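Below is one structure; the comments refer to it alone.
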Amino acid sequence: MLKSIHGKTEKTSPLERDEALYLLTDADLLSVGKMADAVRRRMHPHNRVTFVIDRNVNYTNICQSRCKFCAFYRTEDASDAYVLPYETIYRKVQELADHVGTQLLMQGGLHPDLKIEWFEALFRELRARFPQVQIHSLSPAEVIHIADLSGLTMPECLRRLQAAGLESVPGGGAEVLVDEVRKEISPNKIGWRQWAAVMEEAHALGMRTTATMMFGSRERPEDIVEHLFRIREIQESTGGFTAFIPWTYQPGGTELGGATATGVEYLKVLALSRLVLDNVENIQASWVTQGAEMAQVSLFFGANDLGGTMLEENVVAAAGCSFRLTIGEIIHLAREAGFTPAKRNTRYDILEEY
Amino acid sequence: MIDLFHTIRSKIKTGARISDEETLALFESRDLLAIGELAALANRKINGEKVYFNVNRHINYTNICVNRCTFCAFSKGVEDEGCYTLALNDILEKVAEANAAGATEIHIVGGLHPDLPFDFYLEMIAAIRSDNPGLHVKAFTAVELDYFARITNQDVALVISELKEAGLGSMPGGGAEILRREVRDKICPEKISGERWLEIIEQAHRAGLKTNATMLFGHLENYEDRVDHLRRLRDLQDRTSGFQAFIPLAFQPDNTRIPGAKGVGGVDALKTLAISRIYLDNFMHIKGYWVMLGLKIAQVALAFGVNDLDGTVVEEKIGHDAGAATPQALGKEEILDMIRKAGKVPVERDTLYNELKSY
C-alpha cells in the first residue's frame, strides 16, 4: 500500500480515503513525513516559510454554544464575562498597526444580543481608520448566529458584513467536520454542512477563507480522514481556501478534559493534511498549540507557513497552553531550519523576505 | 548528498563504521528526514521496536558548587540565597518514598560542595543500600569523583573502589558537556578537562561500573566539536564496552551566563539524536531525555533512532532551574502512552537494562 501511495503522491494523483486512513493508522511517521515533505517542496519550490503579523481580538467571551472542549467561554452572568467596547477594539487594532500588522483576527462567542448592526458599524470604522489591516474575522458559527439573531439569511448576512469591510473569513469552528463527533464535543454548534455552506457562500462572494481542524478530542482516525476529504471536496468546487490549519485540542479547564494529542500524532496528521489536500496551497504549523521546537520540525512534515505572530491570543491560553513567540523568534526558527523567512499578508502575497 | 545517504545506508546495513567526515556532512545536511531514516534503520538493527524506560527518582544532594560553569543555572555559592544541602535523613526519606512508589533506581548527582567530607558520600550510599537493598544507586559524575579524589588526596581508582564497596551500582554520564578544550575553556573553565573525564570513566569501567555518557549541545560549540566528542566516546567504548546509553542534552539557556545563546531548535535536537545513533554503533542505547527535550520532541525522537526515554525522574531540578518547561515528573502511564502512540513497544527496564516488564 505504501508503495502505491508513494507513487500517487509523486504523480500528483489524489489519494483515496482508504489510502489516507492507512497512512494515519498503519504507516510509520517518517514515511508519511517524507512524502509530505516532497509534496511541500514541489508546491513551494522557492524555499520560503511565511508568516503574517496579526492579532486576535476576542470581542466577547459570552457564548451560547458552550462547547465542551472550550475553556474560553463564559455565561452572561459570569463575573468575568465581557464585551469589548468599540474604543478598546480600536486601541488594540492601533497596537497591531503600530507593529506593522496586516491582519485582524476578530472572533468571539455567540453573544445573545450582538446583531449585525454592531458588526457593520465596527467594521466600517475599522476600514476607515486602518485601511492597511485586513479584517479576517468571524467564523462560520458566528456568521450563522449573527444572521439568525438579525433575521437575515446567511448569504444576506455575509453580503452585508462584506460590504461593511469583512474581507476574509478564518476557518475556525470546523473542529472535526463529522456530526457524530460534533454532537459529542459541541452539541449546540452548527453542523458540518452549515460550516461548509458558509464557506461556499463566502467563496462565491469572492472572499478567501482558511479551514481548520481541531483534533485529539473524541474523534476516530476515520473522522480525521473524512474531515480532510470534505475540505478537499469543497475546495474542488470553489477554490476559495488559502490554507489549512490542523491544531490539537487543549484540555486545560474544559468540560471534556482528557489529554492532548502527542507530538507524533500531530506531525502525522499535519503530513497527512499536506498529502490529502493537494488542492490547498498552504499548510500552517500551529506553534500556538505545539511550541516553537515542534513548529520548526513541522516544516519538514508538510507545513510551509507559521501562521500569525499573534500579538494577542486568549482562547488557547485559556486552556492552559501559552506558547509565545516574537517576530524575531519566528524568523530565527525558520532560518535555522534552512528556510527563507518571509512576511506575507492574508492573501499570501509576499511583503518582505528576511 | 544522495551519495552520502546511500553510502551511509549500506554501511549501516553491513555494519561498517561511518567516518568523521561523513558525520560532519550529516550535521551540515538539511535533509532532516533522510537522517532520521538512517538512524531509525541503525536503531532497528539493535533494538527492534522496543523503547526502554525505568521508574527512577533524581536526588540532587546539594546545589552548592565550587565550580561556576556558565551554562549552569543550578549551582550556588555557600552564601547565596536559595542554596541548600540535604541532610542524610532528608535523602533517606526521599529514597523511601521512591522505593514505596516502585522505583528501581535512585539517580544522585550534586554540586562540588566545599565542606562535605568524602565520608558523607560513602555513608549516603551505604545507608540507602542498607535501607533499600533492592534499589540500584546510580550516582556521581566523573567531575564529582575527581573532586572526591582531590579532597581525600587519593587516587581516583581508590575513590571508585570505596564507593563501589559502599554500594554504588553505576554512574550517570554527566559532566562531559563538550569534551574539546576550546569549548570547555569558555563554558566551564573550572571543570575537569575532557581528557580527565574520559580517564575517570575508563577507570570506572575497568572497576566494573557501567556508566552513561552525555553531550551538552546547542551553546557555543560547532559541528566539529560535536563530532570530536562522539569520536572520543566511540573510541573509549571500543576499549571498555562500559557505556550503556548516550544522552545528548539540549542546552537550556534561561538563567545561565552564555551571552546570545538561544536554546536548541527542534530540528537540531532531532538531527543530533539521530546522528548520534548512526555514529555510535558500539552504544546499545540512545536516550531522549524528555526533561530537556520536551515531551513532544522526545516522543518524535523515537522515530529518529532514540530507544530510551529515561524514566519518571521525580523532582528534576537542574534542567528546570535553566528554564525547562517540562513537568518535573512523569507517571508510568504517561510514558507508556507516549511510547505506544509512537508505534513502539514499551519495556520497563532496570538500570542495567535487564527487562523487567513488557507492555
Problem set entry | Dipole of region B:189-239, positive end: most advanced residue of B:208, B:222, B:197 [Cβ charges, Cα centre] | B:208
Exercise. Could you give the dipole magnitude of region B:276-316 about its Cα centre, charging the beta-carbon of Lys and Arg +1 and that of Asp and Glu -1, in debye to the nearest 20?
Worked result: 200 debye
Problem set entry | Diffusion coefficient, µm² s⁻¹, Stokes-Einstein with Kirkwood Rh over alpha-carbon pairs of region A:248-354 at 37 °C and 0.692 mPa s | 222 µm²/s
Seminar exercise, completed: Expressed to two decimals, region A:2-353 has a Cα Rg over Rh, using the Kirkwood radius, of 0.94
Exercise. Considering the protein assembly as shown, which cysteines have no disulfide-compatible partner, defined as another cysteine with its Cβ under 4.7 Å away?
Worked result: A:63, A:157, A:321, B:65, B:83
Problem set entry | Loop sites in region B:36-125: trypsin sites (Lys or Arg not before Pro), DSSP, at most 14 other Cβ within 10 Å | B:68
For this session: Excluding residues on the same chain fewer than 8 positions from residue A:68, give the lysines whose Cα lies under 27 Å from its Cα.
Result: A:115, A:183, A:189, A:268, B:296, B:341
Problem set entry | Residue among A:253, A:101, A:307 with the largest mean-square fluctuation in a Gaussian network model of chain A, springs linking Cα atoms under 10 Å | A:253
Exercise. What does a probe at residue A:322 reach in region A:243-285, counting residues whose amide N is under 15 Å from the point 7 Å along Cα→Cβ?
Worked result: A:252-253
Exercise. Can you list the aspartates and glutamates whose alpha carbon is less than 15 Å from that of residue A:3, not counting same-chain residues fewer than 8 positions off?
Worked result: A:16, A:18, A:19, A:26, A:28
Problem set entry | Calculated on alpha-carbon atoms, Rg and Dmax of chain B in Å | 19.4, 60
Problem set entry | For region B:263-276, Karplus couplings with θ = phi - 60° (6.51, -1.76, 1.60), whole Hz, Gly/Pro x | x, 9, x, x, 5, 5, 4, 5, 4, 5, 4, 5, 5, 4
Seminar exercise, completed: Sorting B:104, B:63, B:85 by the position of each Cα along the dipole of region B:4-112 (Lys, Arg +1; Asp, Glu -1; all at Cβ), the one nearest the positive end of that ordering is B:104
For this session: Can you figure out the FRET efficiency of residue A:163 with residue A:90, using R₀ = 25 Å and their beta-carbon distance, to the nearest 0.05?
Result: 0.75
Problem set entry | Euclidean distance between Cα centres, region B:77-151 to region A:205-252, Å | 53 Å
Exercise. Short version: ³J(HN,Hα) in whole Hz for each residue of region B:125-130, in order, from phi by Karplus 6.51 cos²θ - 1.76 cosθ + 1.60 (θ = phi - 60°), x for Gly and Pro, what are they?
Worked result: 5, 4, 5, 4, 5, 6
Problem set entry | Candidates B:158, B:293, B:198: whichever shows maximal mean-square fluctuation once chain B is modelled as a Gaussian network with Cα springs under 10 Å | B:158
Seminar exercise, completed: Taking a crude spin-label model, label points 7 Å out from Cα along the C-beta direction, the residue A:121 to residue A:348 distance in nm is 3.8 nm
Exercise. For region B:121-272, how big is the tail of P(r) above 20 Å, as a whole percent of Cα pairs?
Worked result: 51 percent
For this session: Any of B:138/B:210; B:287/B:332; A:11/A:34; B:317/B:357 with alpha carbons more than 19 Å apart? Name them for me.
Result: B:317/B:357
Exercise. Sequence-distant or interchain residues sharing an amide H contact under 5 Å with residue A:351, placed H: which?
Worked result: A:343, A:344, A:345
Problem set entry | Top of B:224, B:28, B:123 by mean-square fluctuation, Gaussian network on chain B, Cα under 10 Å | B:28
Exercise. Among A:72, A:209, A:116, whose Cα lies farthest out toward the positive end of the dipole of chain A, if unit charges sit on the beta carbon of Lys, Arg (+1) and Asp, Glu (-1)?
Worked result: A:209
For this session: Using only Cα atoms, figure out Rg for region B:36-111 and give it as a multiple of 2.2 N^0.38 Å.
Result: 1.61
For this session: Find how many whole Å separate the alpha carbon centroid of region A:59-81 from the alpha carbon centroid of region B:198-222.
Result: 54 Å
Problem set entry | Value of Rg/Rh across the protein assembly as shown [Cα atoms, Kirkwood radius] | 1.01
For this session: Using only alpha carbon pairs under 8 Å that are at least six residues apart, calculate the relative contact order of region B:2-358 and give it in whole percent.
Result: 23 percent
For this session: For residue B:17 and residue B:190, compute 0.36 nm times the residue count separating them, minus their Cα-Cα distance, and round to one decimal in nm.
Result: 58.8 nm
For this session: Could you tell me how many degrees, from 0 to 90 and to the nearest 10, lie between the Cα long axis of helix B:332-341 and the main elongation axis, the longest principal axis, of the Cα atoms of chain B?
Result: 10 degrees
For this session: With a Förster radius of 56 Å, plug the Cβ-Cβ distance of residue B:89 and residue A:279 into 1/(1 + (r/R0)^6) and report the FRET value to the nearest 0.05.
Result: 0.25
Problem set entry | Only Lys, Arg (+1) and Asp, Glu (-1) charged, at Cβ; the protein assembly as shown dipole about Cα centre in debye | 1460 debye
Problem set entry | Overall Cα dimensions of region A:102-220, principal axis frame, Å, largest first | 46, 31, 24
Exercise. Spin-label point model (7 Å from Cα, Cβ direction): what's the residue A:81 to residue A:64 distance in nm?
Worked result: 1.3 nm
Problem set entry | Where Cα atoms sit under 26 Å apart: lysine pairs in region B:1-130 separated by 8 or more or lying on different chains | 5
Exercise. Can you give the helix-only mean residue ellipticity at 222 nm for chain B, where every DSSP H stretch with n ≥ 4 adds -39500 (n - 2.57) and the sum goes over all residues, rounded to the nearest 500 deg cm²/dmol?
Worked result: -13500 deg cm²/dmol
Problem set entry | Cut-off 14 Å, label 7 Å out along Cα→Cβ of residue A:314, residues of region A:97-115 by amide N | A:105-111
Problem set entry | Separation in nanometres of the label points that stand 7 Å from Cα toward Cβ, at residue A:200 and residue B:325 | 4.0 nm
Seminar exercise, completed: With R₀ set to 25 angstrom, the calculated FRET efficiency between the beta-carbons of residue B:97 and residue A:259, to the nearest 0.05, is 0.45
For this session: For a footprinting-style exposure proxy, rank B:201, B:151, B:192 by other Cβ within 10 Å, fewest first.
Result: B:151, B:192, B:201
Seminar exercise, completed: Output for region A:35-138: GluC sites (Glu not before Pro) sitting in coil per DSSP, at most 16 other Cβ within 10 Å, listed by number, reads A:76
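Each value in this text was obtained by applying a stated rule to the coordinates, not by laboratory testing. Here the structure is a predicted model, which is why all the values come from computation and not from measurement. Virtual Cβ from ideal backbone geometry, glycine too; neighbours counted across all protein chains shown.
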